[in-house]
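First comes the structure, then the notes that go with it.
The values are calculated or read from the model by the stated rules, or taken from the named source; none is laboratory data. Computed from a predicted structure; not experimentally measured. Note that each Cβ is placed from the backbone with ideal geometry, even for glycine, and that neighbours are counted across all protein chains shown.
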Amino acid sequence: MARIRDKWRRWISHRREQEPLAEALLDCFPGVVVLTDAHGVILRVNPGFEQHSGHSAKALVGRRITCLDVDPLHGDISHALAHCVARRRPWRGVLLCRRADGGLTHQDGDFQPLGADRGEPLRLLVTLHDITELRQKALHDHALLERLQGTLSRLPGAVFQLRQDARGGLDFLYLSDGLCSLSGLSSRSVMDRSDALLERVHVEDQSPLSTSLAQSAVSLEPWALEFRLETADGIRWLEGRASPSRRRDGTTLWDGMLLDITPRKQEEQRTQRLVSTDMLTGALNRRAFFDFGEAVRAHAARQGRSVPVAMLDIDHFKRLNDSHGHAVGDLALQAFAMTCRDSLRPYDLFARIGGEEFAIMLVDSSPEEAWGVLDRLRAAVEAIEIEVADTTLWITVSLGLAVLPPEGSLDLALSQADQALYRAKHEGRNRLAGSPDYSRIHEDARR
């Protein structure tokens, strides 16, 4: 019996300790606490109810909690109440409520069913916490984000964040909608699979792109590159610029932008053509021939190959000018240049060196192949007909062929081709002659 009395005293003591704690929690809760029955009728409210809702406890006890809703019949509180009663499960969400003064507030609501599992009448413990300021800030931030997204989508390019993991894999964490106008690809598809964009980089620019990113990742210096992108509308030039940063996990991030520079590159190419082209014939001028020719020689030298070089001179061109005038001479030069261009491949170099003298470099052709190419060109020139008034004029060309060896000089090769050209003229014109070096290489190849 004494043991039972001790347990009773301890329980009473514990109960007395808990009741002040519960009251303290209700007093200090930063919101509304309501106890309702299964129909939503308010049975009790916390002391701070009036401060946080604007309604007095006396006025609302005995009324349904839905009176706090902006729509007492079909509002959010009605749905939350029905959910808890029907499923006997908690409900939590954001509610739009009306204060006593008519002001609207957003409340973080929690509806907790009580007593149903113990056979007692179902009651609901409802807590409401005012999040109006937080929601307004969130809406403000969302509006700012939408305006930023709109601004980014109107930029003449795409803003991006690119990540390289510790193994060197690349993926886009962000791409603005401007990517679609640049590439025809949606931002989402590229963020899901970065190769959708990277695979469209022009094959000649893929290695420079990889190298420049690798260098930027190591040095953390700003990345910048102009490269071509293959799109449904053709080749498009892009300029990429970004600032790198390193994360603690070893990944590298680039924040940057892609700009469409196609019009600028087209203008640069047009300007380059004007600077490097003979205006009358459309052939390269002397300076451009030596600039491009040196690049061809260097490329061939890395592969240990020789490059065929030829000098051409229209036969008796001075006599044609003196007899028929410079206008006819210009027509002859234009017809000659067009025929030569048609007889060569697009990447072979063809230039007007001066007057009626022209030069050719046959890219990726062997010395043995060069003779046949140039002799067919000679025959095509011989077939040119120039109609002047009631007269038909014909022209012919003499050619000298030499070989530029891997470590040789373009000036020297042209000098040897010029000597061979002189010999072709001396031997009767309208013919092709080879330099001694060409003849020796040709004989060695035949053996």
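Just a few scattered comments:
- Residues in the stretch 216-261 that are polar (S, T, N, Q) and in contact with a strand residue (DSSP E or B) (Cβ under 8 Å, 6 or more places away or on another chain): 216, 243, 245, 251, 252.
- When 66, 105 are checked against the criterion of being surrounded by 14 or more Cβ atoms within 10 Å (Cβ to Cβ), among the polar types (S, T, N, Q), closer than 14 Å to residue 129 by Cα and in contact with a helix residue (DSSP H, G or I) (Cβ under 6 Å, 6 or more places away or on another chain), a single residue qualifies: 105.
Let's see how each residue does on (1) in contact with a Lys or Arg (Cβ under 9 Å, 6 or more places away or on another chain); (2) touching a residue at least 40 places away in the same chain (Cβ under 8 Å); (3) surrounded by 18 or more Cβ atoms within 10 Å (Cβ to Cβ); (4) in a strand (DSSP E or B):
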position: 268; (1), (2), (3), (4): no, no, no, no
position: 273; (1), (2), (3), (4): no, no, no, no
position: 282; (1), (2), (3), (4): yes, yes, no, no
position: 294; (1), (2), (3), (4): no, yes, no, no
position: 297; (1), (2), (3), (4): no, yes, yes, no
position: 301; (1), (2), (3), (4): no, yes, no, no
position: 310; (1), (2), (3), (4): no, yes, yes, yes
position: 318; (1), (2), (3), (4): no, no, no, no
position: 332; (1), (2), (3), (4): no, yes, yes, no
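- Residue within the stretch 388-401 that is surrounded by 13 or more Cβ atoms within 10 Å (Cβ to Cβ), under 17 Å from residue 297 (Cβ atoms) and at pLDDT 95 or above present: yes
- From 213, 209, 173, residue being in the same structural domain as residue 233 (by TED's automatic domain parsing), closer than 19 Å to residue 243 by Cβ and without any contact (Cβ under 8 Å) to a residue 24 or more places away in the chain: 209
- Filtered residues of the stretch 339-355 (kept if in contact (Cβ under 8 Å) with a residue 40 or more places away in the chain and over 17 Å from residue 295 (Cβ atoms)): 339, 340, 341, 352, 353, 354
- The lone exception for residue 351 - which of (1) in a loop (DSSP other than H, G, I, E, B); (2) touching a Phe, Trp or Tyr at 6+ places or on another chain (Cβ under 7 Å) it fails: (1)
- Matching entry among 248, 305, 264 (being in a loop (DSSP other than H, G, I, E, B), in contact (Cβ under 8 Å) with a residue 24 or more places away in the chain and charged (D, E, K, R)): 305
- Residue 224, sole failed condition from (1) in a helix (DSSP H, G or I); (2) exposed (fewer than 13 other Cβ atoms within 10 Å of the Cβ): (1)
- Counted residues, the stretch 384-402 - those being out of contact with any Leu (no Cβ under 9 Å at 6 or more places or on another chain) and either outside any strand (DSSP E or B) or not assigned by TED's automatic domain parsing to the domain that holds residue 315 (or both): 4
- Sole exception among (1) within 28 Å of residue 303 (Cα to Cα); (2) surrounded by fewer than 16 Cβ atoms within 10 Å (Cβ to Cβ); (3) over 49 Å from the mean Cα position of the chain (by Cα); (4) not small (Gly, Ala, Ser) for residue 437, by number: (2)
- In summary, helices (runs of 4 or more DSSP H) completely within the stretch 44-126 and bearing 2 or more residues that are free of Cβ contacts under 8 Å to residues at least 60 places away in the same chain and in contact with a Ser or Thr (Cβ under 9 Å, 6 or more places away or on another chain) occur at 49-53, 76-87.
- Any hit, the stretch 137-146, residues being farther than 15 Å from residue 39 by Cα, assigned to a loop (DSSP other than H, G, I, E, B) and within 52 Å of the chain's Cα centre (by Cα): no
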